[in-house]
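The values are calculated or read from the model by the stated rules, or taken from the named source; none is laboratory data. Computed from a predicted structure; not experimentally measured. Reconstructed Cβ throughout: ideal geometry from the backbone, glycine too, with neighbour counts over all protein chains shown. The accessibility values were calculated without ligands, DNA or RNA, using every heavy atom of the protein model including side chains. Shrake-Rupley method; radii C 1.70, N 1.55, O 1.52, S 1.80 Å.
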2 protein chains.
Amino acid sequence: MNGVFKALNDPTRREILRLLGHQEHTAGDLAERFDMTKPSMSHHFAVLKEADLIISRREGTTIYYALNTTVVQDVMAWFLDLTGSDEGRT
Amino acid sequence: MNGVFKALNDPTRREILRLLGHQEHTAGDLAERFDMTKPSMSHHFAVLKEADLIISRREGTTIYYALNTTVVQDVMAWFLDLTGSDEGRT
DNA sequence: CCCTTATTTAGAAATTTATCTAATTATACA
DNA sequence: TGTATAATTAGATAAATTTCTAAATAAGGG
């Protein structure tokens, strides 16, 4: 969970996640949408991947990134758990 | 939203939020549950307050902290928005 | 007014992070 | 093999963060 919150603590990375929310994108496609060098963007992809928030697949020289919705759900569950621990008791 | 994610990016602060999930606690009560000095804990309270994740009230020399559930809901909404933008269309 | 308790503020040291440029790897293809 | 394209790794620097000790503030009571 630590890596997830660390990954979320950056506006560029949060915007990347938003772009990946509805469809996958290539590294290059994502990179050109930001005012930042490709190596910097590549670093952000690495942090997101380390947190398991995104998954990647290679096709030739191109890498496609996609949101890992499972981990997004895990974060949601963490927040629900913060306050909602008793509602299962009837 | 930036301050919220920044505040969440620390295990001590996340544990504080968890402790405040079900009832309010005083600064001193919270502080003694962690292996950290009071000034360090006070700093964490300040970051959480800056993010509006907690609210405080003073009673004499004692300060009580409580979770601000409104902002917690805002974060949840942010995550829902990440993937779920189309479900309102029928 | 002085003392005690609860808590925060100030300032410093060590660590982590974001970003850049330059160099490298991976893949495809003529 | 040589070249072009897509992307990452390496190394450096500047800025932000966590934690500590020491000092200060706030409130209440004798």
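List the residue pairs whose Cβ atoms are under 8 Å apart, where the first residue sits in the range B:34-46 and is over 18 Å from B:Arg18 (Cβ atoms), the second is near DNA strand C (Cβ under 6 Å from one of its atoms), and the two are 6 or more positions apart or on different chains.
Every condition considered, the pairs that remain are B:Lys38/B:Ala27; B:Lys38/B:Gly28; B:Ser42/B:Ala27.
For the range A:1-22, what are the residues that are open to solvent by 10 Å² or more (accessible area, probe 1.4 Å) and either outside any helix (DSSP H, G or I) or of a type in the set (Gly, Ala, Ser) (or both)?
Passing the criteria: A:Met1, A:Gly3, A:Asn9, A:Asp10, A:Gly21, A:His22.
If a residue must be over 8 Å from the mean Cα position of the chain (by Cα) and open to solvent by 60 Å² or more (accessible area, probe 1.4 Å), how many such residues does the range A:48-59 contain?
Looking only at that region, the number is 5.
Confirm whether B:His25 is within 14 Å of B:Gly3 (Cβ to Cβ) and either within 15 Å of the chain's Cα centre (by Cα) or open to solvent by 80 Å² or more (accessible area, probe 1.4 Å) (or both).
Judged against the criteria, B:His25 is not a match.
Can you tell me which condition A:Asn2 does not meet? The list is (1) within 13 Å of DNA strand D (Cβ to nearest atom); (2) modelled with pLDDT of 95 or more, and all the others hold.
Among (1) within 13 Å of DNA strand D (Cβ to nearest atom); (2) modelled with pLDDT of 95 or more, A:Asn2 violates only (2).
Which condition from (1) open to solvent by 40 Å² or more (accessible area, probe 1.4 Å); (2) polar (S, T, N, Q); (3) within 14 Å of chain B (Cβ to nearest Cβ) is the one that A:Asn68 breaks?
With (1) open to solvent by 40 Å² or more (accessible area, probe 1.4 Å); (2) polar (S, T, N, Q); (3) within 14 Å of chain B (Cβ to nearest Cβ) applied to A:Asn68, the lone miss is (1).
Any idea which of (1) within 15 Å of DNA strand D (Cβ to nearest atom); (2) closer than 22 Å to B:Asp74 by Cβ; (3) in contact with a Ser or Thr (Cβ under 6 Å, 6 or more places away or on another chain); (4) not acidic (Asp, Glu) is the one A:Pro11 doesn't satisfy?
(3)
Looking at (1) facing chain A (nearest Cβ under 9 Å); (2) at pLDDT 95 or above; (3) under 20 Å from A:Pro11 (Cα atoms), which is the one condition that is false for B:Glu50?
Of the numbered conditions (1) facing chain A (nearest Cβ under 9 Å); (2) at pLDDT 95 or above; (3) under 20 Å from A:Pro11 (Cα atoms), the odd one out for B:Glu50 is (1).
Of all residues being hydrophobic (A, V, I, L, M, F, W, C) and assigned to a loop (DSSP other than H, G, I, E, B) in the range A:25-58, which is farthest from DNA strand C (Cβ to nearest atom)? Just the residue, please.
Taking the candidates together, the pick is A:Leu53.
Pairs please, first residue from the range B:6-20 and farther than 15 Å from B:Leu67 by Cα, second anywhere and open to solvent by less than 20 Å² (accessible area, probe 1.4 Å) and among the aromatic types (Phe, Trp, Tyr), Cβ atoms under 7 Å, 6+ apart in sequence or on different chains.
B:Asn9/A:Phe5
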